[in-house]
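Notes to accompany the following structure.
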Ligand code: MG
């Protein structure tokens, strides 16, 4: 099969809530709050899942794991990622690279970027050199800038076949 390449994008935003662990990219980030959500609220993994599913032309995360389905309540997002990755791999797709931007006013994520990259590399069985992680504030603008939410954008390329 000739090589085939597909690009995918994903986005997610969740509200900041007290009394939850802040999960980003599969790691616990120290903070006095977490993110809302039916699962563990890991917006980074949710954005990655959607980018991957989108690139493969599959239904989005909401269709795969409906948030009104009690079966998914409290699940770890890393499990959802594993399932989505398996489905994409079963179609012959491999991730070529992943790039993402996390927008959070706090906590400051700069010191966690490398751990996050390593975590994603492990979850996706991907060379860390193929993963880009950027962390920004939202310069005070909108709900993210006011510290009421954290958001993430992800883009990736899937490859199938050989050149
Ligand atoms: Mg989500």
Candidate set: the range 44-70, residues that are under 14 Å from the mean Cα position of the chain (by Cα) and more than 19 Å from residue 25 (Cβ to Cβ); chosen: the one farthest from the ligand (Cβ to nearest atom): 60
If you go through the range 95-121 one residue at a time, how many are surrounded by fewer than 17 Cβ atoms within 10 Å (Cβ to Cβ), touching a residue at least 60 places away in the same chain (Cβ under 8 Å) and within 14 Å of the chain's Cα centre (by Cα)? 1
Pairs where the first residue, in the range 1-19, is over 17 Å from residue 102 (Cβ atoms) and at pLDDT 95 or above and the second is part of a strand (DSSP E or B) and within 16 Å of the ligand (Cβ to nearest atom), C-beta under 7 Å, 6+ apart: 17/34; 17/35
Given (1) buried (at least 17 other Cβ atoms within 10 Å of the Cβ); (2) without any contact (Cβ under 8 Å) to a residue 60 or more places away in the chain; (3) touching a helix residue (DSSP H, G or I) at 6+ places or on another chain (Cβ under 7 Å); (4) not in a loop (DSSP other than H, G, I, E, B), identify the lone condition not met by residue 54. (3)
Would you check if there is a residue in the range 24-34 being within 23 Å of residue 134 (Cα to Cα), in a loop (DSSP other than H, G, I, E, B) and within 15 Å of the ligand (Cβ to nearest atom)? yes
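The values are calculated or read from the model by the stated rules, or taken from the named source; none is laboratory data. The structure presented is a predicted model; accordingly, all values stated were derived computationally and were not measured. When we count neighbours, we look across all protein chains shown, and the Cβ atoms used for this are built from the backbone with ideal geometry, even at glycine.
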